[in-house]
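All remarks here apply to the structure that follows.
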Amino acid sequence: MRPISFKRHQFPPDVIRYAAWLYFRFTLSLRDVEELLAQRGIEVSYETIRCWTPAFWLPSFIPSRSRPRSVRSSAARMSPDAWGRLRRRRGPRF
């Protein structure tokens with residue numbers, strides 16, 4: 001994986017990382033991130049933050065919900081006959 005290059009950007013890397021972290025970690029809107037940075041004395045538009053977020057995200061910002069779910073072990077062990085008995089007992093699903 002290539003290291004992230006912060007060349008040609010007006011703001012220091014820490015500000016860019018902080019804005020991306022706020023956006024992904026707390027699921028804030030771009031305008032909310034703009035306000036939080038303005039409270040800290042950093043004047044940046046939400047459009048600039050919008051350009052930063054796809055370019056400077058890190059995999060650690062992605063929530064753990066994106067992991068694949070494992071198959072339930074009991075469902076994997078049921079034979080086709082057992083599934084048929086279960087369907088007859090519960091009735092058809094509509």
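None of the figures in this text is laboratory data; all of them are computed from the coordinates on show. No experiment lies behind these values; they were computed from the predicted model shown. Ideal geometry is used to build each Cβ from the backbone, glycine not excepted, and the neighbour counts take in all protein chains shown.
Here are a few things to note about the model shown:
- Residue that is surrounded by the fewest Cβ atoms within 10 Å (Cβ to Cβ), among those in the range 38-53 that are outside any helix (DSSP H, G or I) and in contact (Cβ under 8 Å) with a residue 24 or more places away in the chain: ILE42
- Looking across the range 16-37, just one residue is of a type in the set (A, V, I, L, M, F, W, C), without any contact (Cβ under 8 Å) to a residue 12 or more places away in the chain and surrounded by 12 or more Cβ atoms within 10 Å (Cβ to Cβ), and that is LEU28.
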